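> One structure, as structure tokens, below. Some questions next.
Each reported figure results from applying straightforward, stated rules to the coordinates on display, with no laboratory input. As the structure is a computational prediction, the values presented were derived from the model and not from experiment. Please note: Cβ atoms are built from the backbone with ideal geometry, for glycine as well, and neighbour counts cover all protein chains shown.
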Amino acid sequence: DANKLAEQFQQKIDADIKIEPQDWMPDEYRKTLIRQISQHAHSEIVGMLPEGNWITRAPSLRRKAILLAKVQDEAGHGLYLYSAAETLGITRDEMYYQLHSGKAKYSSIFNYPTLTWADMGAIGWLVDGAAIMNQVPLSRCSYGPYARAMVRICKEESFHQRQGFEILLTLSKGNAAQRKMCQDAINRWWWPSLMMFGPTDNDSPHTAQSMKWKIKRFTNDELRQKFVDVCAEQVKFLGMTLPDKDLKWNEERKHYDFGPINWEEFWNVVKGNGPCNKERLATRVQAWEDGAWVREAALAYEEKKSARKYA
Ligand code: FAQ
């Protein structure tokens, strides 16, 4: 019966046995994964837009080629993740519909503008840095297809993170204007990056259950703290600072203390009222509509081909 199945399911999870698409799973487990994986996929797709803004304005051919490759990687991650979500019984069209109609969430971070070239560095260092901190544990999550997708994605994210740090390192050794640009980008991206980890554990409705199911291996606050600890050290190599007067090593906790996060700003962005929410969504919808003829042509070609086969 249902209770017995649920019990056996939890035993598998406790024994670190992966759950695969054909296995029995509780409805809520399936729903949670569809929610998280589709949001993650949407984030990769919308996440191409802030950087896409700089492809035509990259300062050199080398920088342009690297940025183009990075943005292409993100498209790949999105498609990979949509495939993982499809194994749970949702169609890609349904997920696209959810995104384009504004119903689906995607990471708050991609609703901020990219004002200067230094933002490409800050996104790589901080946004990809935060993404890796969150995604490495996901490669051990209980759902097989999601865990396996994370392995390759994390390898590529590590490269993205380094390229971002290298952009900032170059700027940090430049002239006064370049150093100022570098610090300004760090100042603007720091707090939104901390918000990527989600609300504090007390305000996170999904964390407790997702930890039990080993979808999450660490809580939002645990991952955020690890990220702060890493960045507080890395920023020293740039000779820059993080915009937090309360950032201070706590010898007792063996962690950095940090200042309060503006949760009002966070929820405001999540609800659709961030600086670029409307622009991002409109750009995605436009791209979808502009691509309609390609999808139609591909379908027509496929139909012709299969008609020929059976004629
Ligand atoms: N933005 O109870 P929790 C990338 C929502 S990296 C918007 O804590 P959960 C790579 C949450 O969905 C970015 N919404 O939820 C890249 C929930 O709403 P719901 C993507 C947020 O799921 C780099 C509600 O708040 N990474 O794309 C955010 O247990 C550079 C309550 O929250 C992933 O998606 C937020 N920041 O924990 C690309 C990683 N935080 O669904 C381009 C996978 C929370 O009830 C350039 N996801 N919410 O309506 C996760 O690990 C989790 O879903 C969390 C949230 C940790 C994000």
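> For the chain, calculate the relative contact order in percent as a whole number, restricting contacts to Cα pairs under 8 Å that are 6 or more residues apart.
18 percent
> For the residue pair residue 177 and residue 11, what label-to-label distance in nm results when each label sits 7 Å from Cα along the Cα-to-beta-carbon direction?
7.0 nm
> A further question follows. How far is the Cα center of segment 270-288 from the Cα center of segment 38-83, in Å?
16 Å
> Just grab the label-to-label distance for residue 246 and residue 264, each label 7 Å out from Cα along the Cβ direction, in nm (one decimal).
Distance between the two pseudo-spin positions: 1.5 nm.
> From the backbone phi of segment 39-55, what are the Karplus-calculated ³J(HN,Hα) couplings (6.51 cos²θ - 1.76 cosθ + 1.60, θ = phi - 60°) in whole Hz, Gly and Pro given as x?
In residue order, the calculated couplings are 4, 5, 4, 4, 4, 5, 6, 5, x, 6, 5, x, 7, x, 4, 10, 4 Hz.
> Calculate the dipole size of segment 161-311 relative to its Cα centre from +1 charges on Lys and Arg beta carbons and -1 charges on Asp and Glu beta carbons; express the result in debye to the nearest 20.
Dipole size: approximately 680 debye.
> Using 0.36 nm times the number of residues separating residue 278 and residue 1, minus their current alpha carbon distance, what extension gain do you get?
Contour length minus Cα-Cα distance gives 95.0 nm.
> Something else now. Label segment 1-158 by shape, choosing from rounded, prolate and oblate, from the square roots a ≥ b ≥ c of the eigenvalues of the Cα gyration tensor; if a/c is under 1.5 it is rounded, and otherwise prolate applies when a/b is larger than b/c, oblate when it is not.
Because a/c hits 1.5 or more and a/b exceeds b/c, segment 1-158 counts as prolate.
> If you project the alpha carbons of segment 117-173 onto their three principal axes, what span does each projection cover, largest first, in Å?
Principal extents (largest minus smallest coordinate, Cα): 44, 14, 14 Å.
> Hey, another quick one. So, R0 is 25 Å and r is the distance between the beta-carbons of residue 60 and residue 155; what FRET efficiency does that work out to, to 0.05?
E(calc), rounded to 0.05, equals 0.45.
> If you don't mind, another one. Ranked highest first by the average count of other Cβ atoms within 10 Å around their residues, in what order do 289-297, 140-148, 23-31, 35-43 fall?
So the order, starting with the most tightly packed, is 35-43, 140-148, 23-31, 289-297.
> Okay, next question. Taking segment 39-106, which trypsin sites (Lys or Arg not before Pro) meet the DSSP loop condition and have no more than 11 other C-beta atoms within 10 Å?
Counting only loop positions with at most 11 other Cβ atoms within 10 Å, the trypsin sites (Lys or Arg not before Pro) in segment 39-106 are 103.
> Send over the per residue convex hull volume for segment 250-311, Cα only, as a whole number of Å³.
Value for segment 250-311: 173 Å³ per residue.
> Still on this structure, I have one more. Run through all the Cα pairs of segment 136-254 and give the fraction in each 10 Å bin from 0, expressed as whole percent.
12, 34, 33, 18, 4, 0
> Arranged from highest to lowest average of other beta-carbon atoms within 10 Å per residue, in what order do the peptides 173-181, 228-236 appear?
228-236, 173-181
> Name the residue from 132, 202, 143 whose Cα lies farthest towards the positive end of the charge dipole of the chain, charges +1 on Cβ of Lys and Arg and -1 on Cβ of Asp and Glu.
132
> Using all C-alpha to C-alpha distances in segment 147-209, build P(r) with 10 Å bins and read off the rounded percent in each one.
P(r) for segment 147-209, in whole percents per bin: 18, 29, 32, 17, 4, 0.
> Mind giving me the FRET efficiency for residue 257 and residue 209? R0 is 51 Å, r the Cβ-Cβ distance, nearest 0.05 is fine.
Once rounded, the FRET efficiency stands at 0.95.
> Consider all pairwise Cα distances in the chain and report the whole-number % of them above 35 Å.
Within the chain, distances greater than 35 Å cover 25 percent of Cα pairs.
> Once fully extended, how much extra length lies between residue 101 and residue 287, figured as 0.36 nm per residue of separation less the alpha-carbon to alpha-carbon distance?
That pair, residue 101 and residue 287, stretches by 65.6 nm at full extension.
> Among the GluC sites (Glu not before Pro) within segment 238-285, which fall in a DSSP loop and have no more than 11 other Cβ atoms within 10 Å of their own Cβ?
Answer in residue order: 251, 252.
> A further question follows. Report, in deg cm²/dmol and to the nearest 500, the calculated mean residue ellipticity at 222 nm for the chain, where each DSSP H run with n ≥ 4 adds -39500 (n - 2.57) and the sum is divided by the residue count.
Rounded to the nearest 500, the figure is -21500 deg cm²/dmol.
> Set the Förster distance to 22 Å, then compute FRET efficiency between residue 91 and residue 309 from the Cβ-Cβ distance, nearest 0.05.
0.30
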